[in-house]
Amino acid sequence: MKEISLNILDIAKNSVKAGASRISVIITEDEETLKLEISDDGCGMSPEMVQNVTDPFCTTRTTRKVGMGIPLLKLAAEQTGGGFSIASSDKPDDHGTVTSASFYKNHIDYTPLGDVVSTVTTLIQGSPDTDWYFLHRFTGSGKSVELDTSQLRAVLGEDVPLDSYEVLKWIEDSLNEEYSEANAD
C-alpha cells in the first residue's frame, strides 16, 4: 500500500468485521520511528489463524482467495528494519486482537503515514456505532492528537448520529486543527 493510513483502514475494517465494539488506533512517533498499534475487542482469532495470518493466501474472505492487508503491513515495517507482531485471543471471556508495527522513518523504503485524518473520518462514517479511539503522540515535542467517539457520544447524546455530515465535518476539522497545533514549532 502506498500509505500507512491505508493499512490502518484495512486492519480497522477487519476489526469491525470481527464484531469489535471498541477499536483503538495509536500512533507513537519521534524523529526516527513510527509505531502503530491497532487493538480491538472483537471475536479474536484462533492460535492457528494467528500463525498463518501473515500468509497472503490465508484469508477468511469468500470473495477472493488472498488477503493482502496484514502481509503488506508486515512487509512495509520489516523493509525499514522495523518489526511486526499480532496477538489475538478467541476465548469467550478474553477476546480481541492487537496488531503492532514499527517503522524506521529514515529508511529509503519507509512508507509515509498519509492522510490519517481522512482515514479516521472514513472509519467513523462507515461504522458509526463502533467506539473509536485515536491517538497520535509526538514524543519529541510531547504533543498529541486525540479523538474518542465515546466522549463525543456522551456530549451529543443518542439522538445525534456520528455519521451525520455535521459531526463528520466537525471531527475532520478538529483533527486537522490538532495536527496543525502539533506540527507548529
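Quick notes
- Of the residues making up the stretch 36-56, those that are surrounded by 18 or more Cβ atoms within 10 Å (Cβ to Cβ), in a strand (DSSP E or B) and not aliphatic (A, V, I, L, M) are Ser39, Asp40.
- Among the residues of the stretch 1-25, just one is in contact with a Phe, Trp or Tyr (Cβ under 8 Å, 6 or more places away or on another chain) and surrounded by fewer than 18 Cβ atoms within 10 Å (Cβ to Cβ), namely Arg22.
- Summed over the stretch 63-88, the residues that are open to solvent by less than 50 Å² (accessible area, probe 1.4 Å) and modelled with pLDDT of 90 or more give a count of 9.
- Of all residues in the stretch 156-185, those being under 19 Å from Phe138 (Cα atoms) and of a type outside the set (D, E, K, R) number 8.
- Against the list (1) at pLDDT below 85; (2) in contact with a Leu (Cβ under 6 Å, 6 or more places away or on another chain), the condition Asp55 fails is (2).
- Residue match in the stretch 26-35 (condition: polar (S, T, N, Q) and either outside any loop (DSSP other than H, G, I, E, B) or buried (at least 16 other Cβ atoms within 10 Å of the Cβ) (or both)): yes
Residue-by-condition table, conditions (1) touching a residue at least 40 places away in the same chain (Cβ under 8 Å); (2) more than 21 Å from Leu9 (Cα to Cα); (3) surrounded by 13 or more Cβ atoms within 10 Å (Cβ to Cβ):
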{"site": "Asp90", "(1), (2), (3)": "yes, yes, yes"}
{"site": "Ser102", "(1), (2), (3)": "yes, no, yes"}
{"site": "His107", "(1), (2), (3)": "no, yes, yes"}
{"site": "Gly114", "(1), (2), (3)": "yes, no, yes"}
{"site": "Thr119", "(1), (2), (3)": "yes, no, yes"}
{"site": "Thr122", "(1), (2), (3)": "yes, no, yes"}
{"site": "Leu135", "(1), (2), (3)": "yes, no, yes"}
{"site": "Lys169", "(1), (2), (3)": "no, no, no"}
{"site": "Ser180", "(1), (2), (3)": "no, yes, no"}
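- Filter result for Gly96 (touching a Cys at 6+ places or on another chain (Cβ under 9 Å) and not aromatic (Phe, Trp, Tyr)): yes
- Of the set (1) touching a Gly at 6+ places or on another chain (Cβ under 9 Å); (2) modelled with pLDDT under 95, all apply to Phe103 but (2).
- All positions within the stretch 145-166 that are open to solvent by less than 70 Å² (accessible area, probe 1.4 Å) and closer than 17 Å to Thr119 by Cβ: Val145, Leu147, Asp148, Thr149, Leu162, Asp163
The values are calculated or read from the model by the stated rules, or taken from the named source; none is laboratory data. Bear in mind the structure is a predicted one, so any value in this text is a computation, not a measurement. Ideal geometry is used to build each Cβ from the backbone, glycine not excepted, and the neighbour counts take in all protein chains shown. The accessibility values were calculated without ligands, DNA or RNA, using every heavy atom of the protein model including side chains. Shrake-Rupley method; radii C 1.70, N 1.55, O 1.52, S 1.80 Å.
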